[in-house]
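Just below is one structure, and these are the notes that go with it.
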Amino acid sequence: MSRDNTIMLTDNFGRRFEYLRMSITDVCNFRCNYCLPNGYQCDSSREFLSLDEISTLLQAFAQLGTKKVRITGGEPCLRKDLVEIVKIAKNTPGIERVAMTTNGFNLENKIESLVNAGLDALNLSLDSLDPRMFTAITGSTQHSKILSGLNKAAEMGISSIKINAVLLKQYNPNVLSEFQHWLKDKPFSVRFIELMQTGDNLSFFERNHLSGEQLKQQLLSEGWQLCIRSKLDGPAQEFSHPDYAGRIGLIMPYSKDFCKNCNRLRVSALGKLHLCLFAEQGIELRRYLQMQDVDATVSAIQSAMTDKKISHELQQGFTGATTHLAMLGG
């Protein structure tokens, strides 16, 4: 199907979906206290999507109007064929932007080949600039190596580099001032993400949840201004300041109307379509992907959209099938 004949993917509420978050593995080598405090547990199939299945999936989504693909995990850099996956995404007609979210453990070694393969944008998880606090949160001692990879990514010319930091009341309550100083001369965007309740972190959530609203009010009082949101952007409210090279974003899933402008769908590393990060269950696409049947995959995705809800129900404590964030890459 040509791009001119693209079918726009919409739901019952008139929202258009042009952004796919595609997980390629649920394995992660960090032990973040808000996600996998006991490390990765191999308690399900590890037959992750093959290159052919990924190609079929992306062709189907491109026919439905998807323009942006974010490669997620787990940790994507744990897949040896990551570069090939980026190439497939970049060379899929209709896909305009290929992004990746990573913990950065192997970024220094991988970034050149990823950029050459067509990677356009990078999100790096970095919950603290303090190496000791970073280790306390993530269980990793690779802080300096991760920052080296970040600097190399900037040198390689990636136009969009974003840093993700989860707000944790007991661990990084002063994270805003810490990153503000750092952003004075760095053209990155740091996004602070409210801790979300998942199926296995209730007690940790209750001790550590910190609303982003107080950070928003502080930013506004200091002269930061809300930026206009692009239609392919994720859910962050992003702020700029004339005295800073970088920007600050807030992702506040517990805020009013958070889901109003939802523009993204998720597919797990096992080929399940998730209409929401906190949907009750995934919808099987894999049988169509295994047959490399693009048309059948398109039909299955379209049929599933009739069940997409207007909003998640996190405020009521409903976390759906999401046991931990590594399942779907957040």
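The values are calculated or read from the model by the stated rules, or taken from the named source; none is laboratory data. Quick caveat: nothing in here was measured; it's all calculated off a predicted structure. Because the Cβ atoms are built from the backbone with ideal geometry, glycine has one as well, and the counts that use them run over all protein chains shown. Each accessible area value is taken on the protein alone, full model and side chains, heavy atoms only, with ligands, DNA and RNA left out. Shrake-Rupley method; radii C 1.70, N 1.55, O 1.52, S 1.80 Å.
So here's what we get for this one:
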item	result
Total residues in the range 188-201, condition among the aromatic types (Phe, Trp, Tyr) and either at positive phi or open to solvent by 10 Å² or more (accessible area, probe 1.4 Å) (or both)	1
Selection from the range 17-48 of residues that are farther than 23 Å from SER128 by Cβ and either of a type in the set (Gly, Ala, Ser) or open to solvent by 50 Å² or more (accessible area, probe 1.4 Å) (or both)	SER23, GLN41, CYS42, ASP43, SER44, SER45, ARG46, GLU47
In the range 154-187, residue least open to solvent (accessible area, probe 1.4 Å) [restricted to those that are more than 18 Å from PHE204 (Cα to Cα) and in a loop (DSSP other than H, G, I, E, B)]	ILE158
Top-ranked residue in the range 289-314 [being out of contact with any helix residue (DSSP H, G or I) (no Cβ under 8 Å at 6 or more places or on another chain) and hydroxyl-bearing (Ser, Thr, Tyr); ranked as modelled with the lowest pLDDT]	SER311
Residues of the range 91-111 satisfying the condition of being open to solvent by 10 Å² or more (accessible area, probe 1.4 Å) and at positive phi	GLY94
Any hit, the range 240-261, residues being outside any helix (DSSP H, G or I), closer than 30 Å to LEU51 by Cα and either modelled with pLDDT of 90 or more or of a type in the set (S, T, N, Q) (or both)	no
Qualifying residue in the range 214-231 (condition: touching a residue at least 60 places away in the same chain (Cβ under 8 Å), part of a loop (DSSP other than H, G, I, E, B) and either out of contact with any Leu (no Cβ under 8 Å at 6 or more places or on another chain) or of a type in the set (A, V, I, L, M, F, W, C) (or both))	yes
Unmet requirement for LEU126, which otherwise passes all of (1) free of Cβ contacts under 8 Å to residues at least 12 places away in the same chain; (2) out of contact with any Lys or Arg (no Cβ under 9 Å at 6 or more places or on another chain)	(1)
Any hit, the range 50-64, residues being open to solvent by 10 Å² or more (accessible area, probe 1.4 Å), of a type outside the set (Val, Ile, Thr) and under 20 Å from ILE163 (Cα atoms)	no
Residue within the range 276-285 that is within 21 Å of GLU53 (Cα to Cα), open to solvent by less than 40 Å² (accessible area, probe 1.4 Å) and modelled with pLDDT of 95 or more present	yes
Looking only at the range 241-255, and only at residues there that are touching a Lys or Arg at 6+ places or on another chain (Cβ under 8 Å) and farther than 14 Å from LYS216 by Cβ, the one that is least open to solvent (accessible area, probe 1.4 Å)	GLY246
Test for ARG247: is it under 18 Å from GLN63 (Cα atoms) and of a type in the set (Lys, Arg)	no
Unmet requirement for ASP4, which otherwise passes all of (1) open to solvent by 30 Å² or more (accessible area, probe 1.4 Å); (2) at pLDDT 95 or above	(2)
